[in-house]
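Enquirer: Have a look at this one.
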Amino acid sequence: MIEKNKIIQGDFFELIEQIEYNSLDLIVCDGPYGVTENIWDKVSNIQEFNLKLIKIFSKKLKKGGALYLFGKPDCIDFIDYRPYLVLNAKIVWYQPSRLAQGRTNFTNNYDIIAYFSRDKAKTFNLDTIRVAQLVELEHRKRCENVPSVINGKFGKTKFNEQGKNPGDVWGDIKQLTYKSRELLDREFLHTIQKPKKLIERLVKASSNEGDLVLDPFAGTGTTLVVCQELKRNYIGFEINPDLVKVCEERLKQVQKQVKVIYERFIYSI
């Protein structure tokens, strides 16, 4: 078994063999999309590539464990993933700030995050990911008093002051821009680095403290940083040695911040 809470340099397809069967609670897979000219993004057929990943992940996940697979709208089209994992939702990550330059078709303004689980998902922490209600409270309460709601199958649909389920279209988390403080380098924009808020939502929803999370294509290490901050165990794979250094530095910064907070807490007692 690979040591936990580390970023490991190497090829995913070789390293994954060292992960025990039925050992992972969550996988956050932001790998190749098959749409750019980057070397790491060049795959002959993205659907076949993703099916290969799904087959592998299905053996490594615990029963009830979850997989979030990033891609373009067609990333899992034309493949039969049903013998391996259950598709719970196709989350649309809507990016209204994306430049619409299409001249012969409608420009793609969203990515897909395919949410799978091995059998029925064992963890879904809704209260940790609720978002603000977008309707007036009074209107919402009036709707709850409609007879079909009171006496029907939607009777449990009540206004929650903590917020609502974010649904499967996410437009509230913006993609990174050149002005984003968390952007590490312009080279990572739109391809490698995802917003922390996006990864936090996935990790909070489908894992608990102490769970084991795998990021098979770690990139700049955002998933690993989030896991460290949220007290999840993690394993990260990354083939690019320069990106491994970026991950290691980010993880060190989190450790320093945790140490400072701890020391302040001890001092205040």
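The values are calculated or read from the model by the stated rules, or taken from the named source; none is laboratory data. Nothing here was measured: the structure is a model prediction, and the numbers come from that model. Here the Cβ positions follow ideal geometry from the backbone for every residue, glycine too, while neighbour counts run over all protein chains shown.
Enquirer: Taking residue 124 as the residue in question, decide whether it is more than 20 Å from the chain's Cα centre (by Cα), among the hydrophobic types (A, V, I, L, M, F, W, C) and at pLDDT 75 or above. Let's see the steps before the verdict.
Expert: Details: more than 20 Å from the chain's Cα centre (by Cα): no; among the hydrophobic types (A, V, I, L, M, F, W, C): yes; at pLDDT 75 or above: yes.
In short, no.
Enquirer: Next question, about the same structure. Looking only at segment 117-132, which residues are part of a loop (DSSP other than H, G, I, E, B), in contact (Cβ under 8 Å) with a residue 40 or more places away in the chain and not hydroxyl-bearing (Ser, Thr, Tyr)?
Expert: Just the residues of segment 117-132 that are part of a loop (DSSP other than H, G, I, E, B), to begin with: 118-125, 129-130, 132.
Restricting the remaining residues to those that are in contact (Cβ under 8 Å) with a residue 40 or more places away in the chain gives 118-125, 129.
118, 119, 120, 121, 122, 124, 125, 129 - these are the residues of segment 117-132 that are part of a loop (DSSP other than H, G, I, E, B), in contact (Cβ under 8 Å) with a residue 40 or more places away in the chain and not hydroxyl-bearing (Ser, Thr, Tyr).
Enquirer: Within segment 209-242, track down each residue that is in a helix (DSSP H, G or I) and either within 17 Å of residue 196 (Cα to Cα) or among the β-branched types (Val, Ile, Thr) (or both).
Expert: If we filter segment 209-242 for residues that are in a helix (DSSP H, G or I), which is where we start, we get 222-229, 241-242.
Correct list: 222, 223, 224, 225, 226, 227, 228, 229.
Enquirer: Can you give me the number of residues within segment 238-250 that are in contact with a helix residue (DSSP H, G or I) (Cβ under 6 Å, 6 or more places away or on another chain) and either hydroxyl-bearing (Ser, Thr, Tyr) or surrounded by fewer than 24 Cβ atoms within 10 Å (Cβ to Cβ) (or both)?
Expert: 1
Enquirer: Looking at 87, 69, 51, 15 in this structure, which one is touching a Gly at 6+ places or on another chain (Cβ under 9 Å) and either surrounded by 15 or more Cβ atoms within 10 Å (Cβ to Cβ) or part of a loop (DSSP other than H, G, I, E, B) (or both)? Let's see the steps before the verdict.
Expert: Numbers: 87 fails: touching a Gly at 6+ places or on another chain (Cβ under 9 Å); 51 fails: touching a Gly at 6+ places or on another chain (Cβ under 9 Å); 15 fails: touching a Gly at 6+ places or on another chain (Cβ under 9 Å).
From the options 87, 69, 51, 15, the qualifying one is 69.
Enquirer: Just one of (1) at pLDDT 90 or above; (2) assigned to a helix (DSSP H, G or I) trips up residue 141, so point out which.
Expert: Condition not satisfied by residue 141: (1).
Enquirer: Select from segment 93-113 the residues that are touching a residue at least 60 places away in the same chain (Cβ under 8 Å) and within 17 Å of residue 203 (Cα to Cα) and write down the one among them that is surrounded by the most Cβ atoms within 10 Å (Cβ to Cβ).
Expert: Restricting to residues being touching a residue at least 60 places away in the same chain (Cβ under 8 Å) and within 17 Å of residue 203 (Cα to Cα), the top hit is 113.
Enquirer: Please specify each residue of segment 170-204 satisfying the condition of being part of a loop (DSSP other than H, G, I, E, B), without any contact (Cβ under 8 Å) to a residue 60 or more places away in the chain and hydrophobic (A, V, I, L, M, F, W, C).
Expert: Residues satisfying the conditions are 176, 183, 189, 192.
Enquirer: State whether the residues of segment 258-266 include one that is at pLDDT 95 or above and over 14 Å from the mean Cα position of the chain (by Cα). It would help to see each step written out before you state the result.
Expert: Start the filter on segment 258-266 by keeping residues that are at pLDDT 95 or above, which leaves none.
Looking through segment 258-266, none of the residues is at pLDDT 95 or above and over 14 Å from the mean Cα position of the chain (by Cα).
Enquirer: Would you say residue 63 is charged (D, E, K, R), assigned by TED's automatic domain parsing to the domain that holds residue 17 and over 19 Å from residue 48 (Cα atoms)? I'd like the intermediate steps shown before the answer.
Expert: On the way: charged (D, E, K, R): yes; assigned by TED's automatic domain parsing to the domain that holds residue 17: yes; over 19 Å from residue 48 (Cα atoms): yes.
Yes, satisfied.
Enquirer: If you don't mind, another one. Can you tell me which residue among 72, 120 is in contact with an Asp or Glu (Cβ under 8 Å, 6 or more places away or on another chain) and assigned by TED's automatic domain parsing to the domain that holds residue 25?
Expert: Details: 120 fails: in contact with an Asp or Glu (Cβ under 8 Å, 6 or more places away or on another chain).
Testing whether each residue is in contact with an Asp or Glu (Cβ under 8 Å, 6 or more places away or on another chain) and assigned by TED's automatic domain parsing to the domain that holds residue 25 leaves just 72.
Enquirer: What number of residues within segment 18-32 are surrounded by fewer than 19 Cβ atoms within 10 Å (Cβ to Cβ) and in a loop (DSSP other than H, G, I, E, B)?
Expert: 4
Enquirer: I'd like to verify a number: residues in segment 23-76 that are closer than 25 Å to residue 232 by Cβ and either at pLDDT below 95 or of a type in the set (A, V, I, L, M) (or both), how many?
Expert: Residues that pass the stated criteria total 11.
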